[in-house]
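Below: one structure, written as structure tokens.
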Amino acid sequence: MKPLHAPWRIHYILGPKPTLSDKSIFSRAAEMGDDEKNYIIARRKACFAVLNTYPYNGGHMMVVPYRQVSNFEDLSDEELLDMMRLVQTCQKALNKLMKPDGFNIGINQGKVAGAGIAEHLHIHIVPRWSGDTNFMPVMAEISVLPQALSELAANLREILKNMEDSPN
């Protein structure tokens, strides 16, 4: 068996662990105010976009409402609209930066549906490329990411800022 080195993981292993609370990891990250550290790439009135630190694919991000709700039906009209608009904006930014062949965009609501953080609803945006599923995730349960999250976050922040500054 060949080892796969992931030296960036040592920061998680040795770093301080959050204490258990009623707040989700998303709520804590949004309130912390350190967007760079938490890979938050965009904020809107009712929601924010954050890179997934355990992505299925390079560029995998999530759009999360600030208000912690677990059910889609509990979102307000304002939250729904703000989230959908941010999903669309993030998709445009990913198209511009990474030029994927397609996307998986969706919600896993509830543990039985695959939600890893079931207490705080979020929308996944996963860029996909022809042939991106290979033997690594299937046989080795490993995903190969072509770019560091901090670099990707910085690139996406710049694109999103430029998109806000231009009329269309």
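Any read-out appearing in this document is the output of simple, stated calculations on the displayed coordinates, not a laboratory observation. Being a predicted model, the structure only gives us computed values, none of them experimental. For neighbour counting, all protein chains shown are included, and Cβ atoms are generated from backbone atoms with ideal geometry for every residue, glycine included.
The table below lists the values:
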{"read-out": "Phi-based couplings in Hz for the range 155-162 (Karplus 6.51, -1.76, 1.60; Gly and Pro marked x)", "value": "5, 5, 4, 5, 5, 5, 5, 5"}
{"read-out": "Residues whose placed amide H lies under 5 Å from that of Phe103, excluding near-sequence neighbours", "value": "Arg128"}
{"read-out": "HN-Hα J in Hz across the range 53-65 - Karplus 6.51, -1.76, 1.60, θ = phi - 60°, x for Gly and Pro", "value": "6, 10, x, 6, 7, x, x, 4, 9, 9, 10, 10, x"}
{"read-out": "Order by protection proxy (mean Cβ within 10 Å, highest first), peptides 57-65, 110-118, 24-32", "value": "57-65, 24-32, 110-118"}
{"read-out": "Of every Cα-Cα pair in the range 23-165, the percent that sits beyond 26 Å", "value": "21"}
{"read-out": "Whole-Hz ³J(HN,Hα) from phi, Karplus 6.51 cos²θ - 1.76 cosθ + 1.60, for the range 34-46, glycine and proline x", "value": "9, 4, 5, 4, 8, 6, 7, 9, 7, 10, 10, 4, 10"}
{"read-out": "Set Lys23/Lys99; Lys37/Lys96; Lys111/Lys161 screened for pairs whose C-alpha atoms are more than 30 Å apart", "value": "Lys23/Lys99; Lys111/Lys161"}
{"read-out": "Under-5 Å amide H pairs with Cys47, H placed in peptide plane, nonlocal only", "value": "Tyr66"}
